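Below is one structure; the comments refer to it alone.
The values are calculated or read from the model by the stated rules, or taken from the named source; none is laboratory data. Computed from a predicted structure; not experimentally measured. All Cβ positions, even for glycine, are placed from backbone atoms using ideal geometry, and neighbour counts span all protein chains on display.
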Amino acid sequence: MAEIHTGATLSPGKKELVEAWLGRQRWYAAKGNTPRVRRVWSWRLDDPAGQVGIETMLVLDESESVPVLYQVPLTYRGAPLEGGDSALVGITEHSVLGRRWVYDAPHDPVYAAQLLALVLGRVGAVSGSESDKGEPAVVAGPHASWHGDVTLRGSRVLSGEQSNTSIIFDCVDYSGAPKPLICKVFRMLQPGENPDITLQGALSEAGSTRVPGMVGTVAATWPSPFVEGDTARGDLAFAQEFFPGTEDAWRVALKAVAAGDDFTEPARELGAATAEVHDLLRTVLPTEPVTVEAIAEVVAGMRGRYVAAASEVPALAAYEHGIADVFDRAVNANWPALQRIHGDYHLGQVLQVTGRGWVLLDFEGEPLRPLFERSRPDLTVRDVAGMLRSFDYAGGSWEHSHPGRSAREWVESAQNAFLDGYAESAGSDPREDAALLIAFQLDKALYEVVYEARNRPTWLSIPTAAVARLLDDARRDLP
């Protein structure tokens, strides 16, 4: 293939192809920038038929002050891929093999099949440098909780993702029964264990049915792009169960709001499922006692989000004293021990699966935050507050489409039912620590203000109205 011919050249080269293509991708972080990349490392997979070249490149985009490392899997073909026009990275001329069509590999069935084989431990990476300790550069294989085997019948890429690329595998088990899987290919890479793998893996190994069962992972050690002679290690991809035909809680909730349907029982069950996952995470992963320094750091982050929100929406300055008072009271609240949590919890991160109830997804945390921050123990109330805000958004989005009409009764009943279910399962009610619950909801609302002001200004009234309501709650509920 093109990439294994010694001395062969490509015109345009790989760097030029990737630079021209990268900025148009949904998961490219520096929107509006012109990418400026350099290759850091690459590794390969074999096509059993010997027709398609498969190469995964790690490229550093240096177009911003903080460079970002991206994972770019590519396939090289001697003829166009049928139905692959939207995945075409570019066309290049190879000095030996002639014209080559280069594709974003997750859309190529040859790459998809070999990636699944890698995850299942059936094949290894063809090449890649060795780390300083002599360990394999690419390490992959099935998760400890995975039992069984599958046969692949086809694949497709999940549409609409913002931060990563997920491949859906149409598989059957040994009996011929459907066994669909999904593999998330991380696009922005950082050294360290991805919490999506760590948390879901721990929950799967503990036998939880509240998360998709883990199948397998791919990790690598690559040359550090920042320290010459050093290496970095991180996760590249992982596969898990897939639930076709299921709806996430956001869609379920929106339908309920629109129809005026009571949502208290599903919300109660979701609260109980959330508490169940929090309790299991506290059992299977380490916790940390809270310290004065940790409290100060968390609340400083809250105050910083207020400053950012007020700079976007100066009218928030009218609430400055009330917001400061809420955060002051949070400092003196009764903080529980810190533990691992979901970290980016909302209705879009939960599926309603027949026979299993609510199943939680995407434990990666907020993708744009540094990995070390997303991997820290935190407060469970952050997840609780995130879901309460999500219920408010479901009602607020309906109100936005129906001016003059209110969904407040639906929102409040769903929020209270969620808290009731959480309290029943956890044995403690988040409302008993009102200072923390209100502070974390307010913090989330201020984050939303910044997001909406920058990306969706017509929705800005949803979080700004929430800020006012939460301050009213604080005046009523806090001593």
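Before moving on, here are some points about what is shown:
- Residue among Gly245, Gly216, Gly271 that alone is crowded, with 18+ Cβ neighbours inside 10 Å, within 29 Å of Val172 (Cβ to Cβ) and of a type outside the set (A, V, I, L, M, F, W, C): Gly216
- Annotation note: of Leu115, Leu74, the sole residue that is in a helix (DSSP H, G or I), touching a residue at least 12 places away in the same chain (Cβ under 8 Å) and either at negative phi or among the hydroxyl-bearing types (Ser, Thr, Tyr) (or both) is Leu115.
- Any hit, segment 301-310, residues being under 23 Å from Leu351 (Cβ atoms) and among the small types (Gly, Ala, Ser): no
- Near pairs, Cβ below 6 angstrom, 6+ apart or cross-chain, from segment 23-37 (touching a residue at least 40 places away in the same chain (Cβ under 8 Å)) to any residue that is surrounded by 17 or more Cβ atoms within 10 Å (Cβ to Cβ) and of a type in the set (D, E, K, R): Trp27/Arg187
- If you go through segment 311-346 and keep only what is in contact with a Phe, Trp or Tyr (Cβ under 9 Å, 6 or more places away or on another chain) and hydrophobic (A, V, I, L, M, F, W, C), you end up with Leu316, Ile323, Ala324, Phe327, Ala330, Ile341.
- Residues in segment 259-306 that are more than 19 Å from Ser375 (Cα to Cα) and in a loop (DSSP other than H, G, I, E, B) were compared, and the one that is modelled with the lowest pLDDT is Gly260.
- Residue within segment 394-412 that is in contact with a strand residue (DSSP E or B) (Cβ under 6 Å, 6 or more places away or on another chain) and closer than 22 Å to Ala259 by Cβ present: no
- Any hit, segment 22-41, residues being within 24 Å of Gly154 (Cβ to Cβ), exposed (fewer than 15 other Cβ atoms within 10 Å of the Cβ) and of a type in the set (A, V, I, L, M, F, W, C): no
- Tally, over segment 148-165, of residues that are out of contact with any helix residue (DSSP H, G or I) (no Cβ under 6 Å at 6 or more places or on another chain), in a strand (DSSP E or B) and among the small types (Gly, Ala, Ser): 1
- For segment 9-43, the tally of residues that are assigned to a helix (DSSP H, G or I), touching a Leu at 6+ places or on another chain (Cβ under 9 Å) and closer than 19 Å to Val185 by Cα stands at 2.
- Residues that are among the basic types (Lys, Arg) and in contact (Cβ under 8 Å) with a residue 60 or more places away in the chain, drawn from segment 168-226: Arg187, Arg210
- All of Ala385, Ala407, Ala426, Ala414 fail the test of being crowded, with 18+ Cβ neighbours inside 10 Å and farther than 17 Å from Leu437 by Cα, apart from Ala407.
- All positions within segment 222-250 that are assigned to a strand (DSSP E or B) and closer than 30 Å to Val411 by Cα: Asp248
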